[in-house]
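Enquirer: One structure, pasted below without further comment.
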Amino acid sequence: MADDEVDPKEYRWETGYEKTWEAIKEDEDGLVEGLVAEFAQKAARKAAAPRRGPVRLGMMRHLLVAVDCSEAMSCQDIKPTRFLCTLKLLERFIEEFFDQNPLSQLGVVLMKNKRAERLTEMSGNVRKHIKAVQGLSNIALAGEPSLQNTLEFASRVLKPLPGHASRELLVLFASLTTCDPGDITTTIQSLKTDGIRCSVIGLAAEVRICKKLCQDTGGEYGVVLDDVHYRSLLLECTAPPARARSLDAGLVKMGFPHAPPCDQDNSAPPPVTQCMCHLEEGEGVGTEGHLCPQCRSKYCSLPAQCRTCGLTLASAPHLARSYHHLFPVEPYEEIPNEGQAQYCFGCLRPFVELDKELHRCPRCREHYCWECASAVAATLHVCPACASRPHLYQRLPDHE
C-alpha cells in the first residue's frame with residue numbers, strides 16, 4: 001500500500017530530465033538544429049570567459065599532481081574504471097600543461113596505503129612523465145588514501161623551491177574518507193602560510209575537508225559528473241593562476257643553452273658526455289644536448305633547472321609561447337545577425353539564419369562565427385584578421 005502512494009517525481013534526476021525536455025523546442029520545420037547550436041554557443045562562451053582587470057599571473061609554475069590509487073579508484077561509474085580513465089586523461093593533461101606552460105615543471109605522486117609515494121621528480125620532461133603514467137595501468141589498487149600525508153609530502157617538495165615561481169598541488173581524489181595520522185587543519189594552515197595553492201578534483205562526491213583545503217589555500221574544487229566533465233576540469237588547471245599581489249616583483253636570472261661545439265675544421269664530432277637529468281638512471285649518454293652557459297653542464301631537454309649552479313635554463317621559443325598569457329586576445333563583441341556580414345572571416349562559412357549572433361573583433365571589425373571565435377580564444381590566441389594586416393590595425397582607434 002505504501003508503494004502506491006510514492007510520488008513518481010521524488011527523484012531529482014527525473015525532474016532534471018523533465019526540465020531539459022521542456023527546454024527543447026522545435027522550429028517551424030520541426031528541427032532542433034538551431035537549439036543545439038545555441039546550447040553549444042553558451043557552453044563555448046562560458047569556457048572562453050575573459051579575464052577581468054589586470055591580473056598578475058604565475059608564468060613559471062611548479063605543479064605536483066597527486067593521484068589517488070586506493071580501492072575507490074576501481075569503481076566503474078566512469079568507464080572503464082575511475083583509475084584507467086584518470087590515467088588516460090592525465091596523459092592529455094601533461095601534454096597540454098607543458099604546451100601552455102613551457103617554463104614550468106611538474107611531478108606526480110601516488111596516494112596509496114595511507115602513504116604518499118613519489119612517481120616522478122619535478123621536471124619539464126614530458127616524455128618521462130607520460131611514460132611513468134602509462135606504466136601505472138597494471139598496479140594494484142589497495143588501501144585508503146591519506147590526504148594529510150600527501151599534503152605534508154607536497155610541502156616538503158614545494159617549500160624549498162624559489163619564490164618567483166608559483167607552487168601548486170593538484171589532487172585527483174576518488175575516496176570519501178582519508179586516514180590521517182594527526183590534525184589535518186594544522187597542515188592546511190602550514191600550506192597557506194607557505195603560499196602553496198591546492199586544488200582538488202573529486203571523482204565521487206563533495207568532501208568537506210577537500211573544500212576547506214581549497215578555500216583556505218586559494219585553489220579550485222570540483223566534482224566530476226562524467227568523463228567529459230572530468231576532462232574539462234583537468235584542462236582548466238592548465239591556465240596559469242593569478243599571482244598573489246603581496247609578492248614583490250623581481251628579476252629572474254635565466255640561461256639560454258647551446259649545443260656542444262665541434263672543432264673548427266669539423267673533423268672531430270662533439271665529445272660523448274652524460275646529461276645531468278639522467279645521472280641517477282645511468283642514461284642520457286651521447287653527443288647531443290644543451291650546455292648550461294654558466295657551468296657547462298649538459299641537459300637533454302629544456303626547460304630545466306641546472307643541478308650544478310641552479311640557473312633556470314630555457315629557450316627563446318619557450319618565452320614566445322608564454323606571451324599569449326600576458327597579453328590575451330581581446331574578447332569579441334556579440335552582436336545580433338542583421339545581415340551586416342555574409343561570410344565568417346575565419347572559416348569562410350556563409351552566415352545563415354541559424355546564426356542568431358555574430359562575433360566581431362573590436363580592433364579590425366571583422367565578423368566571426370562562434371566556432372572560430374572560441375578557437376581564437378582557446379587555441380590561436382590571436383585574431384586572424386589583425387595578424388594578417390598588422391600595419392592597419394596596430395593603432396586602430398575605437399570607433400564604429
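Enquirer: Select from the range 290-319 the residues that are in a helix (DSSP H, G or I) and either modelled with pLDDT of 80 or more or surrounded by 19 or more Cβ atoms within 10 Å (Cβ to Cβ) (or both) and list them in ascending order.
Expert: So the first thing to find is which residues in the range 290-319 are in a helix (DSSP H, G or I), and the list is 316-319.
His318, the sole residue that qualifies.
Enquirer: Here's something else I'd like to know. Return the only residue of Gly195, Gly202, Gly163, Gly182 being at positive phi and not aromatic (Phe, Trp, Tyr).
Expert: Selected residue: Gly195, the only one of Gly195, Gly202, Gly163, Gly182 that is at positive phi and not aromatic (Phe, Trp, Tyr).
Enquirer: Could you list, in sequence order, the residues of the range 59-83 that are closer than 30 Å to Ser104 by Cβ, touching a residue at least 12 places away in the same chain (Cβ under 8 Å) and assigned to a loop (DSSP other than H, G, I, E, B)? I'd like the intermediate steps shown before the answer.
Expert: Step one: filter the range 59-83 for residues closer than 30 Å to Ser104 by Cβ, giving 59-70, 72-73, 78, 81-83.
Those still in the list that are touching a residue at least 12 places away in the same chain (Cβ under 8 Å) too: 59-70, 72-73, 78, 82-83.
If the condition is that a residue be closer than 30 Å to Ser104 by Cβ, touching a residue at least 12 places away in the same chain (Cβ under 8 Å) and assigned to a loop (DSSP other than H, G, I, E, B), then Met59, Met60, Cys69, Ser70, Ile78 are the ones that fit.
Enquirer: Can you tell me how many residues in the range 183-200 are of a type outside the set (S, T, N, Q), in a helix (DSSP H, G or I) and within 17 Å of Ser146 (Cα to Cα)? Let's see the steps before the verdict.
Expert: Of the residues in the range 183-200, the ones of a type outside the set (S, T, N, Q) are 183-184, 188, 191-192, 194-198, 200.
Checking the rest, the ones that are also in a helix (DSSP H, G or I) come to 184, 188, 191-192, 194.
When the remaining residues are screened for being within 17 Å of Ser146 (Cα to Cα), the result is 184, 188, 191.
The number of residues fulfilling the criteria is 3.
Enquirer: Considering only the range 373-381, I want to know if a residue exists there that is touching a strand residue (DSSP E or B) at 6+ places or on another chain (Cβ under 6 Å) and assigned to a helix (DSSP H, G or I). If you could, list the steps in order and put the result at the bottom.
Expert: Filtering the range 373-381 down to residues touching a strand residue (DSSP E or B) at 6+ places or on another chain (Cβ under 6 Å) leaves 373.
Okay, now just the ones that are also assigned to a helix (DSSP H, G or I), so 373.
Yes.
Enquirer: Please go through the range 52-105 and pick out each residue that is surrounded by fewer than 19 Cβ atoms within 10 Å (Cβ to Cβ), at pLDDT below 85 and among the hydrophobic types (A, V, I, L, M, F, W, C).
Expert: Matches in the range 52-105: Val55, Leu57.
Enquirer: Could you please let me know if Thr193 is at pLDDT below 95, polar (S, T, N, Q) and farther than 27 Å from Thr312 by Cβ? Quick ask: steps written out before the conclusion?
Expert: Working: at pLDDT below 95: yes; polar (S, T, N, Q): yes; farther than 27 Å from Thr312 by Cβ: no.
Judged against the criteria, Thr193 is not a match.
The values are calculated or read from the model by the stated rules, or taken from the named source; none is laboratory data. Computed from a predicted model, the values in this text were never measured in an experiment. Virtual Cβ from ideal backbone geometry, glycine too; neighbours counted across all protein chains shown.
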